Amino acid sequence: MLSRIRSAAVLGIDAYPVEVEVDLAPGLPSFTTVGLPHGAVKEGRERVAAAIVNSGFEVPLKRIIANLAPADVPKAGSAFDLPIAVGILAASGQIKPIDLAGGLCFGELGLEGDLRPLRGTLSLVSCAKQVGAEWIVLPEPNQREGALVDGVRILGARTLRDVVAHLEGRSEPIPRSDEPQSVVTRPVDEADFAEVRGQRAAKRALEVAAAGGHNLLMVGPPGSGKTMLARRLPSLLPSLDAEEALEVTKIHSVAGLLPAWGGLVTARPFRAPHHTVSDAGMSGGGQHPRPGEVSLAHHGVLFLDELLEFRRNVLEVLRQPLEDGHVTLSRAAVSVNYPARFMLAAAMNPCPCGFLDDPVKACLCSPDRIRSYRARLSGPLYDRIDFHVSVPALAWQDLADPAPVESSAAVRARVDAARLRQRARLRGRRGARTNAYLQARDIDRWCRPDAEGRRLLEAAMHRLGWSARAYARVLKVARTVADLEAADVIRAPHVAEAVQYRILDRSRRPDA
């Protein structure tokens, strides 16, 4: 006998429909899974057989063939355990004849027949809605995450017996303990700008960077506050909107990092990998590619502390994501595209000992050693960073100053206003929401400075030897500075501020 039931498989952060066909044929008892199954799918045969027996059913003593169609696409993961088990029970007549075509099943089975939580539930349920599913069977721990997708009936189950009871109409779905969080809010324990003393220039640079979604590199001696500033950068960014929250939640679900309560990820991600991270850990990878740090920081901040301590090959994988807003992982059998539209915030010491130009502590590094140290950051990657900001050591007066410091909320209000101007300007531009991702045609249209600003740009480019990319990025930063002032035209002061944010350009000149 033959039975069919629908399921789905995750590819990247999206999913595609899979039809599970189970055939029982006469012959020596065997259990074969076909359709390019990998790893956990192959091992699922043993889990399914044990779960069926321990749930009070029988494994037919026949040739069991489970086909996962389309057969030319590799299948990975454990979500096919449940549909294969249901298919076997339906084909062998152990459950009442029912119409399995109206819904989809996902779930990993334990040996006792219990259902265990899955990765990528939000992507799977979104796919089910797209193919017109009337109902979806999920493990009960994933029920709340699946409920984030409207318009689909979610059946939560704890065991294989629960699933059979649902399908036969003998029980009601397990009710959710509460509704999924739908209002996007800010974390209550978010670090605040008001906690940072001094560093007015660096704070202004972070405000401009947050307003335009620009990449930022802070240069300063140990203990000057670089890490403290970077960790407060998310507090300046606008709250995630519903679309952004769903994208971030999908990525974290696929990566298995979704919180136990399974609702929306409402806070902008802040990822700070250690400098020993591998290039696969940074960009994503594996036999079945999983998202890396650049994708986990999507719509948030990727902070690289001690930037020049990262291996060069790890830093070089940042080139494409910084430019395109996504990363493509290609393997022999599959190619996966993950979104990676993040703000890069990095911190580095000015020299190996960290005390170059320090007014008190003497630097012990030779010029050759300093040049060799800074050469760890390649020119192409260096060009993709919009801000190079000096964060000098703080004086006692700055630390002891009792004057109140502007809070993150006050700065964020200006950032929100600037981003609203950018969204209105970029309406209809797919994927582009901030000035950092303006295209060449957009720069020609919206980033033209006035005559005095053009003269200032010309002088700076001749003096500093910018590449075309660096020139374009200075224009984008100038556009953001103008947006913060609600100015339609980029004027010379806006250009001057954008130019002075690239302090390392001067040190890289041969005549500097």
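Couple of notes before you dig in:
- Check on Ala345, of a type in the set (Gly, Ala, Ser) and open to solvent by less than 30 Å² (accessible area, probe 1.4 Å): yes
- Only listed residue being of a type outside the set (A, V, I, L, M), surrounded by fewer than 18 Cβ atoms within 10 Å (Cβ to Cβ) and within 30 Å of Phe342 (Cβ to Cβ), chosen from Ser372, Ser366: Ser372
- Annotation note: of Val391, Val334, Val411, Val360, the sole residue that is open to solvent by 70 Å² or more (accessible area, probe 1.4 Å) and of a type in the set (Val, Ile, Thr) is Val360.
- Filtered residue count, the stretch 18-44, keeping only those that are farther than 17 Å from Leu2 by Cα and open to solvent by less than 80 Å² (accessible area, probe 1.4 Å): 7
- Lone qualifier among Leu104, Leu124 - being in contact (Cβ under 8 Å) with a residue 12 or more places away in the chain, assigned to a helix (DSSP H, G or I) and either closer than 26 Å to Ile251 by Cβ or open to solvent by 10 Å² or more (accessible area, probe 1.4 Å) (or both): Leu124
- On the stretch given as the stretch 45-56, residues that are surrounded by fewer than 19 Cβ atoms within 10 Å (Cβ to Cβ) and small (Gly, Ala, Ser) total 3.
- Qualifying residues in the stretch 157-169 (those that are over 12 Å from Leu82 (Cβ atoms) and at pLDDT below 90) - the one surrounded by the fewest Cβ atoms within 10 Å (Cβ to Cβ): Gly169
- Within the stretch 289-309, being more than 15 Å from the chain's Cα centre (by Cα) and either over 25 Å from Pro222 (Cα atoms) or open to solvent by less than 10 Å² (accessible area, probe 1.4 Å) (or both) holds for Leu304, Leu307, Leu308.
- Failed criterion for Thr328 (all others in (1) at pLDDT 95 or above; (2) open to solvent by 10 Å² or more (accessible area, probe 1.4 Å); (3) of a type in the set (Val, Ile, Thr) hold): (1)
- Search result, residues across the stretch 453-505 that are charged (D, E, K, R) and assigned to a loop (DSSP other than H, G, I, E, B): Glu485, Asp488, Arg491
- Those residues of the stretch 203-257 which are β-branched (Val, Ile, Thr) and closer than 30 Å to Ala15 by Cα, in sequence order: Val248, Thr249, Ile251, Val254
- Filtered by the rule that a residue be in contact with a helix residue (DSSP H, G or I) (Cβ under 9 Å, 6 or more places away or on another chain) and farther than 25 Å from Asp14 by Cβ, the stretch 63-103 gives Ile64, Ala85, Ile88, Leu89, Ala90, Gln94, Ile95, Lys96, Pro97, Ile98.
- Scanning the stretch 1-17 for residues that are open to solvent by less than 40 Å² (accessible area, probe 1.4 Å), within 37 Å of the chain's Cα centre (by Cα) and over 13 Å from Leu104 (Cβ atoms) gives Gly12, Ile13.
- Restricting the stretch 129-148 to residues that are over 23 Å from the mean Cα position of the chain (by Cα) and open to solvent by less than 20 Å² (accessible area, probe 1.4 Å), the residue that is farthest from Leu100 (Cα to Cα): Pro139
- Where Ala90 falls short, out of the listed (1) assigned to a helix (DSSP H, G or I); (2) within 34 Å of the chain's Cα centre (by Cα); (3) modelled with pLDDT under 95: (2)
- Residue within the stretch 262-273 that is under 28 Å from Val125 (Cα atoms), open to solvent by less than 20 Å² (accessible area, probe 1.4 Å) and at pLDDT 90 or above present: yes
- Selection status of Leu118, buried (at least 24 other Cβ atoms within 10 Å of the Cβ), in a loop (DSSP other than H, G, I, E, B) and at pLDDT 90 or above: yes
- Some residue of the stretch 440-452 being buried (at least 20 other Cβ atoms within 10 Å of the Cβ) and over 27 Å from Gly300 (Cα atoms): yes
- Residues within the stretch 360-402 that are assigned to a loop (DSSP other than H, G, I, E, B), in contact (Cβ under 8 Å) with a residue 12 or more places away in the chain and under 26 Å from Val499 (Cβ atoms), tallied: 10
- Residues satisfying the stated conditions in the stretch 457-484, i.e. more than 16 Å from Arg384 (Cα to Cα) and either of a type in the set (Val, Ile, Thr) or modelled with pLDDT of 95 or more (or both): Arg479, Thr480, Val481, Ala482, Asp483, Leu484
The values are calculated or read from the model by the stated rules, or taken from the named source; none is laboratory data. Since the model is a prediction, treat every value here as computed from it, not as a measurement. All Cβ positions, glycine included, derive from the backbone under ideal geometry; neighbour counts span all protein chains shown. Accessible surface areas use protein heavy atoms only, side chains included; no ligands, DNA or RNA. Shrake-Rupley method; radii C 1.70, N 1.55, O 1.52, S 1.80 Å.
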